[in-house]
Amino acid sequence: MAKLWENIKKAKLFKSFRSLKTRIFCIIMVAGIIPCVMLHFGTLERYLDNTVSVRTTEVQTQVKIIADHLITYNYLLDNSNEVVNAELAQLSNLYDGRVLIIDSNMKIIKDTYGISEGKTIISEDIVKCFKGEGASNHLEEKGYIEIVVPIEEKLEDKARIVGVMLTSVSTDSIMSGYEYIQGRLFLLEILALVVVFGIDYFISRKMFKPFEKITDAINEVKNGFTDEQINVTDYIETEHIGDAFNQMMLRMKVLDDSRQEFVANVSHELKTPLASMKVLADSLLTQEDVPVEMYREFMTDIAEEIDRENKIITDLLSLVKMTRTSPDMNVELIDINSLLELLLKRLGPLAIRADVKLIFESCRPVSAEVDEVKLTLALSNLVENAIKYNNKGGWVKVVLDADYQCFTVTVSDSGIGIPQESIEHIYERFYRVDKSHSREIGGTGLGLAITRNAVLMHRGSITVNSEEGKGTTFTVKIPLTYISQ
């Protein structure tokens, strides 16, 4: 149970950190904290370095003055001089430190603490000092500054080092000031963090308010409380999101209207043959001693309506299967020339009955990776429409050509043409340009929708160019090599 609760807490924490608002909040907090931390350590370290440097320079100045007095009063030979001893004691007391006077034999001749006189002292700094290299070291862990200054006796032509003055200065007063400033800085940092947190919270809330508006608006649309467009212009980004959502809503409305129209059209198209069959059947049932000729005529009409109903259902099933995302593609390398010749041969009788001449022109042999059944259905619909919506004595011309990437099938006719205002609707389901003429000819109004979907499934394109009264040209362009998603 405890482990489960721990996992739940981790999941909530991870989900919270995935929030952009939380990440922006954390970034601003970090951006506020880093300067505080840098200021804290930078100020303290600078204070400590500067204070130690000033103290060292100050003590060095005092030590050099006393070192000159040591030579003046010949203190290395006689350390009983009260003036020098007083200066040494004053220096030691003033800086809470210790002073050692070391002669050329590295023997301590004076210790302000009075505990090491007569002893020998050897260290790297003292040895270097006898060579003329003074030194100063801040021993922070021991709490003092160590200063080594040579005692130089100036002769006529040069200076000779006759001793060393080793001074240790306490840093307790410096560290007291350091701790005081550290405490003040800590209070300032706490105050700065509180201010940064408040500003951060305000900014993050303010920045994401427009996104919350968008979320609320989308939820209202989702729940069906409104269908108004979203208009959040606080930022360019929110304006783009709102525009994209509004465009999506318009697209969904178009799709919904199309769906409702499709359902209505399907219902109408399926109901019409049934109604006709119902009327014919009722006529037979309500009459007694129906003549055989009338019985045969009515049954023929019923059979035609059944065929019409079956064709509508078949086309609907084909249209459902032919979607751009459908994986049901039986792709093979097909001879497109042979496919078109067979297709035109099959539609030959229909063209003869309509007194329309079929013409096939092949610019070159073409083989391509296609679904033979779907492509045949698509091209058959184009040629069949060109025959049906043609004039007596007219013609239908099919031209096959190809380049190194695609093959093109152009179906042109000398038929009745398509009005310009209808061209953008011809691929819609059940759409008919001339409903009365289409009813006489037959068909379901699904042919071009099926053709377009079949072409798109092959990653191809279909275009139309038509002039009313002069004819129509459909151009289908399909890749020679099938490109799967």
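Annotations for the structure displayed:
- Exceedance of the 23 Å cut-off in Cα-Cα distance is limited, within the set Lys374/Lys397; Lys110/Lys131; Lys253/Lys374, to Lys253/Lys374.
- With 24 Å as the limit, the listed pairs Lys119/Lys154; Lys278/Lys392; Lys64/Lys107 have Lys119/Lys154; Lys278/Lys392 beyond it between alpha carbons.
- Sequence ranges 124-130, 334-340, 98-104, ranked by mean other-Cβ count within 10 angstrom, highest first: 98-104, 334-340, 124-130
- At q = 0.16, 0.17, 0.24 Å⁻¹ the log10 of I(q)/I(0) for segment 136-232 amounts to -0.88, -0.92, -1.13, computed by Debye summation with a single uniform scatterer per C-alpha, solvent ignored.
- Rg/Rg_globular for segment 52-103, with Rg_globular taken as 2.2 N^0.38 Å and Rg from C-alpha atoms: 1.14
- As a proxy for reagent exposure, Cys36, Cys363 were ordered by neighbouring Cβ count within 10 angstrom, fewest first; the result is Cys363, Cys36.
- Under the convention that each Lys and Arg Cβ holds +1 and each Asp and Glu Cβ holds -1, the size of the dipole of segment 1-228 around its Cα centre is about 1840 debye.
- Share of Cα-Cα pairs in segment 330-479 lying beyond 18 Å, as whole percent: 55 percent
- One way to sum up the overall shape of segment 1-228 is the equivalent ellipsoid from its Cα gyration tensor, whose semi-axes run 69, 18, 15 Å, largest first.
- Here the dipole of segment 146-192 is about 60 debye; that uses its Cα centre as origin and unit charges on the Cβ of Lys and Arg (positive) and Asp and Glu (negative).
- Loop-resident GluC sites (Glu not before Pro) (DSSP state other than H, G, I, E or B) in segment 128-237 with no more than 11 further Cβ atoms inside 10 Å of their Cβ: Glu133, Glu141, Glu156, Glu228.
- Difference of contour (0.36 nm per residue) and Cα-Cα distance, Thr43 to Asn219: 58.1 nm
None of the figures in this text is laboratory data; all of them are computed from the coordinates on show. Computed from a predicted structure; not experimentally measured. Here the Cβ is made from the backbone with ideal geometry for all residues, glycine too, and neighbour counts use every protein chain on show.
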